[in-house]
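The values are calculated or read from the model by the stated rules, or taken from the named source; none is laboratory data. Note that the structure is predicted; figures quoted are calculated from it, not measured. Note that we place each Cβ from the backbone using ideal geometry, even for glycine, and neighbour counts take in every protein chain shown. To get the accessible areas, we keep the full protein, side chains included, count just its heavy atoms, and leave off ligands, DNA and RNA. Shrake-Rupley method; radii C 1.70, N 1.55, O 1.52, S 1.80 Å.
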Amino acid sequence: MSSILLNSGRRVDPFNLGADYLSINDLVKPLPKLCRYSGQPDCHYSVAEHTVHLINIVPAGLKRAAALHDLNEGLTNDLPHPFKAALPDFVKFEKMVQRQIFTWFEEPWENMVLLEDWDRRICADEMLQIFPAPYVLEGREPFGIKVEGWEWREAEEKIRNAFKFLGLL
């Protein structure tokens, strides 16, 4: 069996996931330490901070989906878009993990699709602020969120609070 060692000390087979193998804590724990954009920004901008900002701007009916939308990265990590384009098997696996997470939390997969524009627009905000020369994401209007570059402990506290507020923790 291939497995991933989790912070909790348990091992999980990423190709045979079950709700009894993986807890939401296992998935949330790494997000404050995972830096978006392959670690290239001038500041540490975590998946957790991105997720909290997204939760705060989407309509009420999409908040749980926003909380769950990158939760798979707590297990799979992330790859930049050019690699994903070249590695369709990874994208397929990542989507399978994400669908499983949505199923565990009884979140309709359609909400993941509805989040896509929100997620891309928040990327426009992020790229304008976290790269030395402002990068404009063509065709996406930024929301105006402020990237703060939370230290990982602050990011962990904020994402956990958001998940508790949404009834996910």
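Side notes on the structure shown:
- In this simple spin-label approximation, Ala86 and Ile57 carry label points 7 Å from Cα along the Cα→Cβ vector, and these lie 3.0 nm apart.
- Those lysines that a straight Cα-Cα span of less than 25 Å connects to Lys146, excepting residues fewer than 8 apart in one chain: Lys29, Lys33, Lys63, Lys158, Lys164
- Share of carbon and sulfur in the accessible heavy-atom surface of segment 116-169 [1.4 Å probe, %]: 52 percent
- Calculated FRET value between Leu114 and Arg10, using beta carbons and R₀ = 41 Å, to 0.05: 0.80
- Crossing angle, helix 109-130 versus the chain [Cα axis fit, 0-90 degrees, rounded to tens]: 50 degrees
- Of the options (i) 165; (ii) 121; (iii) 141, only one is volume of the Cα convex hull per residue in Å³ as computed from these coordinates, and that is (ii).
- Taking chymotrypsin sites (Phe, Trp or Tyr not before Pro) across segment 1-57, the ones in a DSSP loop with at most 15 further Cβ atoms lying within 10 angstrom of their Cβ are Phe15, Tyr21.
- Mean-square fluctuations from a GNM of the chain, with a 10 angstrom spring cutoff on Cα atoms, peak among Ala86, Ala155, Ala66 at Ala86.
- 10 Å Cβ shell holding at most 15 others, DSSP loop, GluC sites (Glu not before Pro): longest site-free stretch of the chain: 1-105
- Surface share of carbon and sulfur [accessible, 1.4 angstrom probe, percent] for segment 1-82: 51 percent
- Whichever aspartates and glutamates have a C-alpha closer than 19 Å to that of Lys84, once near sequence neighbours (fewer than 8 apart) are set aside: Asp70, Glu73, Glu94, Glu116, Asp117, Asp119
- A 1.4 Å probe run over the chain, with the rest of the protein chains in place, finds 54 Å² accessible per residue.
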